[in-house]
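Encoded as structure tokens, the structure appears first; notes follow it.
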Amino acid sequence: MTDQRDVRIRDRSIAKYQKHAAGYDQTCGPTWPIRMRAIDALCLQAGDHVLDVGCGTGLSLPLLVQAVGPSGKVSGFDQSPDMLAQAQARCAQAAWPNVQLALSSAQDFALPGRVDALLFHYAHDILRSPSAIDRLLSLAKPGARVAIAGIKYFPGLLSLLNPWVYLKNQGYNGAPGELRAPWDRIAPRLTDWRLTPTQWGMGYLASGRLPSVAGQASTAATPR
Ligand SMILES: C[S@@+](CC[C@H](N)C(=O)[O-])C[C@H]1O[C@@H](n2cnc3c(N)ncnc32)[C@H](O)[C@@H]1O
């Protein structure tokens, strides 16, 4: 369910992506290897159903379609009409029969079945929203795999550059900031948690699984 804070953040985010959508794909070259590593971390198998969380313009879709094969399924959603329109155009051009996209906020997204894996690729606002996390994890099977990639603050001496990291994040997010441990609301809900810094510490790649049995999530998850 969307609360008032989520609504304010959503409105700001949609306005920002209205400006960014047309040129978005051209900005993603440098993070392409991270996208591939995040998708690899999902260990997708033929026949899996994977959810692309905040799918944007659909840059991950070809990789996900290939990984789940013709017997699998790819679902994706985004709340920005401008970003989703590009994902829909990509999908129509490729004529993938097993991809379904929806214009929706993470807080309100619904699916008829449950997914085997969730990809959060540069989905900072979604990771900072407790109601979005609740919603999305409720759509996954027990034991489902989760991979997350995103931006964070530099540690150590490089932290002098963090005002620049903040500004970079502010350009795109409805709720900029909270970049010390952007994963800290989802990590405690997952088991087998792994986190690797990327981009000299300005990024991170993380993975985990939903508990196979309810109530089994790690309570020790304060990873850095
Ligand atoms: C940085 S882009 C990443 C897009 C895509 N995942 C990628 O890797 O290229 C973040 C996307 O998340 C979407 N988004 C942000 N908050 C959202 C929310 N609460 N619900 C749905 N989409 C959201 C934005 O509209 C935007 O398209």
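Points to keep in mind about this one:
- Any chance Leu63 is away from the ligand (no atom under 11 Å from the Cβ) and closer than 18 Å to Phe120 by Cβ: no
- Test: Val146 is β-branched (Val, Ile, Thr), over 17 Å from the mean Cα position of the chain (by Cα) and open to solvent by less than 10 Å² (accessible area, probe 1.4 Å): no
- Failed item, numbered, when Pro112 is tested on (1) more than 9 Å from the ligand (Cβ to nearest atom); (2) under 20 Å from Trp32 (Cα atoms); (3) surrounded by fewer than 23 Cβ atoms within 10 Å (Cβ to Cβ): (2)
- Residue match in region 41-51 (condition: part of a strand (DSSP E or B), in contact (Cβ under 8 Å) with a residue 24 or more places away in the chain and under 22 Å from Ser80 (Cα atoms)): yes
- Among the residues making up region 90-103, a single one is under 26 Å from Lys16 (Cα atoms), open to solvent by 60 Å² or more (accessible area, probe 1.4 Å) and of a type in the set (Gly, Ala, Ser): Ala92.
- Any hit, region 189-205, residues being surrounded by 20 or more Cβ atoms within 10 Å (Cβ to Cβ) and more than 16 Å from the ligand (Cβ to nearest atom): yes
- Of the residues screened, Pro163 is not one that is closer than 27 Å to Leu61 by Cα and away from the ligand (no atom under 16 Å from the Cβ).
- Residues within region 56-76 that are open to solvent by 10 Å² or more (accessible area, probe 1.4 Å), more than 17 Å from Arg145 (Cβ to Cβ) and not in a helix (DSSP H, G or I), tallied: 3
- Residue match in region 17-26 (condition: within 14 Å of the ligand (Cβ to nearest atom), within 15 Å of the chain's Cα centre (by Cα) and at pLDDT 95 or above): no
- Qualifying position, being closer than 21 Å to Leu205 by Cα, among the hydrophobic types (A, V, I, L, M, F, W, C) and in a helix (DSSP H, G or I), among Ala38, Ala106: Ala38
The values are calculated or read from the model by the stated rules, or taken from the named source; none is laboratory data. Values in this document were obtained by computation on a predicted structure and should not be read as measured data. All Cβ positions, even for glycine, are placed from backbone atoms using ideal geometry, and neighbour counts span all protein chains on display. Ligands, DNA and RNA are stripped out before the accessible areas are found, and what is left, the full protein with its side chains, is counted by its heavy atoms. Shrake-Rupley method; radii C 1.70, N 1.55, O 1.52, S 1.80 Å.
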